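To start, the structure itself, in structure tokens.
The values are calculated or read from the model by the stated rules, or taken from the named source; none is laboratory data. The structure presented is a predicted model; accordingly, all values stated were derived computationally and were not measured. Cβ placement follows ideal geometry from the backbone for every residue including glycine, while neighbour counts extend to all protein chains displayed.
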Amino acid sequence: MYSCGIRKVWSIGLVILGCAGVGFGCKGQSEPPSKAGPTIDPRYINWKTFNYENVRIIYPPGHPQESTLTNMAEAYLYLIRKEREVLGAPPLTDTLKVYYYSGYGQGREFTGQEYPFADSNAIHFWLPSFYGPTLMQYLLPRWASDPPRHMFLKHGLISMFDLSGQNYHASTIGYKNSGEFIPLEKLATDTATDSNEERYQSAEAASFCAFVIGEFGPLALKELYQSPVSFDSSVLQTCLVPVDTLQMRWLAFVKMNVPKDSIRD
């Protein structure tokens, strides 16, 4: 159980920062194209490897973004640190392996997927996209091994750490002002929430996740994330209030974390 008396104003802006906020250090090291071997996927035999701390980026020769690989690795390291700080996640001791395709066409051809994605072994990334979503797809199973019953929480965390620079508290108050706000009870069961496809439900979800962390702490969010019971029951067990009361507190929290000129009574 987590007391509703905890008051910690935590702004989602601390997490959603552009790459300009990441400090870049010394350059990593590129390696020549891989040679064939029993553990190398034959599709990547001729690809190059860039190593920076515990990030390994595997990319095709002549990649148009080869000069930005240091920035890319630094962004991943920054997000890994933020995820640990904000969620209390375990340290990532493995090497983060990233397959960096030259663009959407090559990514789709090699993977058969419409969007960049991560599995338990690696991130598969191409532009246009942000670094955060696939990294969170990779990290979240290490924070909570099973996917949540209430999937909006997963998409909320993916959006919260997407490194897009968007302020999802501001988005939420904007939806409230325009009459498009999705009530929390409906958001929790909205099957259209998908951080790959939209920034409506997932924006609200990101704002809600940040609120829970700020108001109750990361362990409370993890308890909601892992709860096997209904959302109403989960909220009562974790926050000791009904969903409608929690929604009022969420919106009050949002108003505290957006510019005053975006708030309308």
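Side notes on the structure shown:
- Of the residues making up region 41-92, those that are among the polar types (S, T, N, Q) and under 19 Å from the mean Cα position of the chain (by Cα) number 1.
- Members of region 64-113 found to be charged (D, E, K, R) and free of Cβ contacts under 8 Å to residues at least 60 places away in the same chain, listed by number: 66, 74, 81, 84, 85, 94, 97, 108, 109
- Hits in region 143-168 - residues which are part of a loop (DSSP other than H, G, I, E, B) and over 21 Å from residue 248 (Cα atoms): 144, 145, 146, 147, 148, 149, 161, 162, 163, 164, 165, 166
- All of (1) at pLDDT 65 or above; (2) among the aliphatic types (A, V, I, L, M); (3) surrounded by 13 or more Cβ atoms within 10 Å (Cβ to Cβ) hold for residue 22 with one exception: (1).
- Residue pairs whose Cβ atoms lie under 9 Å apart, separated by 6 or more positions or on different chains, with the first residue in region 236-250 and in the same structural domain as residue 207 (by TED's automatic domain parsing) and the second buried (at least 20 other Cβ atoms within 10 Å of the Cβ) and among the hydroxyl-bearing types (Ser, Thr, Tyr), are 250/172; 250/207.
- From the list 141, 133, 116, the lone residue that is surrounded by fewer than 21 Cβ atoms within 10 Å (Cβ to Cβ) and either out of contact with any strand residue (DSSP E or B) (no Cβ under 9 Å at 6 or more places or on another chain) or not basic (Lys, Arg) (or both) is 141.
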